[in-house]
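To keep things clear, I will list the structure first and then write my remarks on it.
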Amino acid sequence: MLQIKKRKDGKLKRRFMFTICFYQDSRHEKPLYWIKNILGIGYVSKRNDGITELRINGFKQIRDILKNLVPFVKFKRDQAKAMYKAVNLLCRVKNSDLSKKDLHELVNYILIIQKNNYVTKKKKTKKDLLKILGLTP
């Protein structure tokens, strides 16, 4: 996931947040702990619906994981590539130094990632994202 989070503090009033999520039926959660152990990062939590998830956050951690993982991704390849490009951009350029072109690029990556997510509600439109980033007149 690539999310834009609102902030009350700071000059920009926003921050970008990257998260890789692995989900598994809680009866078969062992592989999630194995992945966490191998990567040395993330946290595992059990949800009330019988699903266990491994969540990994952080720009550099996500970039490094995706760099190694993208060549092997089969089902969410477009999403993984878009996420990798977005995280690379944000590792290179400070949030406060992002140009309008950079922000438009990030919006396009978010839309690619959203399109490949299973969540059917709460998806933001391009118009919504541009408004959040202050890119509308």
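Please treat every number below as a calculation from the coordinates, not as lab data. These figures come from a predicted structure and were not determined experimentally. Note that each Cβ is placed from the backbone with ideal geometry, even for glycine, and that neighbours are counted across all protein chains shown.
Figures for the structure shown
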quantity: Exposure proxy ranking, count of Cβ atoms within 10 Å, fewest first, for Y23, Y43; calculated: Y43, Y23
quantity: Exposure proxy ranking, count of Cβ atoms within 10 Å, fewest first, for Y109, Y33; calculated: Y33, Y109
quantity: Ascending count of other beta-carbon atoms within 10 Å, so fewest first, for R27, R15; calculated: R27, R15
quantity: Dimensionless Rg/Rh of the range 2-123 - Kirkwood Rh, Rg from C-alpha atoms; calculated: 0.98
quantity: Estimated distance in nm for a label pair at W34 and K6, the labels positioned 7 Å out from Cα along Cα-to-Cβ; calculated: 4.3
